[in-house]
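Each remark here refers to the structure printed beneath this line.
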Amino acid sequence: MARSQRGERGGRVAVLWCVLACGVLLLPLAPAQATDPKSAGAVLAFSRHSESVARRSLASLLETVPPASVRVYEPYEDRVVEFSAWPFARVLDAVYSKSWRSEEELLFTCIDGYQPSVPVARVLSHSAWLAFDRADQPGFTIRKQESGEFKRVELGPFYLIWENLKDEQMRQEADYGWPYQLVSIDLIRSRDRFPKMTPPPGAPADVLAGFAAFRVHCSKCHKLNGEGGSIGPELNAAASPVELRDPQWLRAWIEEPGRIRPETRMPPLNPALPERARTVDEILAYLRVMATARSGPEAR
Ligand code: HEC
């Protein structure tokens, strides 16, 4: 008797719990956002090879693609946070149909003019999400660490994030490809963006993977054919490292430069990167091909 009563109560409590939990989980999503005056003007422009394809408001995106709450390790805030977001591939499908999948590169433009780009292949092989709000706090912001101080940064209208709690590679590649204050997306050719660093047409898959890895791990410090950062030396002029050094030396250098030259300012390739040896192979395959394309594919 007492048992069945408890059981019944337990059942009612469970239903109440579900109503509460569902209410709490769902309410901050769609309806509240669509009427939020701050984000009412949020619009994302989509184009292909610089030609406008569509402009989508937050409200129309909410009608087209069902959003979800996603927990990610936020690389700027340096902890796990939760966003309201759409699966990015589904947004692209809705705007471009499936045709974006055979393009090379996604170019993002942010409010301040910052223009990062990521290979389409990265979106196809990992889970990207287009975030439009925080699901775990009021305000679409993060606390970003800049020179030892935390600053509150507005993320809207849109923020591209990546599932990186289960995807160790994305986690270890930190903030690569996380543009916030995103206002437009363009589908471009890789050589429009990197005319000299892009491998020649028809390059095999490992070379393309090496190019992608080079952009994540090396090009912020090194130029290749004149494109890239300038903390380290240019890597394809006058000679390529693959012509100057044997592969074992280069592998050891990339994996642990401090063991060869203790004073070096070059950091080791992230030791926690999964499939690190394969990434080094791919970067070397890329450097070998580029050694034969010294001024880039548009060489005269
Ligand atoms: C944080 C900046 C930084 C990053 C990232 C970086 N390097 Fe370097 N690299 C340097 C600097 C600085 C040097 C100059 C040598 C020194 O300081 O010892 C250098 C030197 C080199 C050299 C010349 C070594 C020699 O003496 O022959 C090669 C090859 C090289 N880097 C390849 C790479 C590759 C490949 C990557 C990506 C996996 C990479 N670097 C990432 C800063 C960087």
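Derivation of every value follows stated rules applied to the coordinates shown; laboratory data play no part. All values derive from a computational prediction rather than experimental measurement. Because the Cβ atoms are built from the backbone with ideal geometry, glycine has one as well, and the counts that use them run over all protein chains shown.
In summary, the lysines within cross-link reach of residue 151, defined as a Cα separation below 29 angstrom excluding same-chain residues under 8 places away, comprise 38, 166, 220.
Which net charge results for the neighbourhood of residue 80, defined as the other residues with beta-carbon distances under 13 angstrom from its beta-carbon, given Lys and Arg at +1 and Asp and Glu at -1? Each step should come with its number before you reach the end.
On the way: positive: 71, 79, 134, 166, 171; negative: 74, 77, 78, 82, 136, 163.
Overall, the nearby charge balance is -1.
Under 5 Å from the amide H of residue 181 lie the amide H atoms of 156, 158, each residue being 5 or more positions distant or on a separate chain, with H modelled from the backbone and absent for Pro and chain starts. Which residue, 242, 41, 194, has the largest displacement toward the positive end of the dipole of the chain when charges sit on each Cβ (Lys, Arg +1; Asp, Glu -1)? After comparing all options, I get 41.
With semi-axes defined as the square roots of five times the eigenvalues of the C-alpha gyration tensor, the equivalent ellipsoid of the stretch 39-191 measures 23, 17, 15 Å, largest first.
Counting only other residues whose beta carbon sits under 13 Å from that of residue 188, what net charge do I get with K and R as +1, D and E as -1? Result for the local shell: -2. Pairwise alpha-carbon distances in the stretch 195-291 exceed 16 Å for 54% of all pairs. State log₁₀ I(q)/I(0) for the chain at q = 0.09, 0.10, 0.15 Å⁻¹ as given by the Debye formula over alpha-carbon point scatterers of equal weight, solvent excluded. At q = 0.09, 0.10, 0.15 Å⁻¹ the computed log10 ratios are -0.54, -0.65, -1.22.
Taking Lys and Arg as +1 and Asp and Glu as -1, the other residues whose beta-carbon sits under 9 Å from that of residue 232 total +1.
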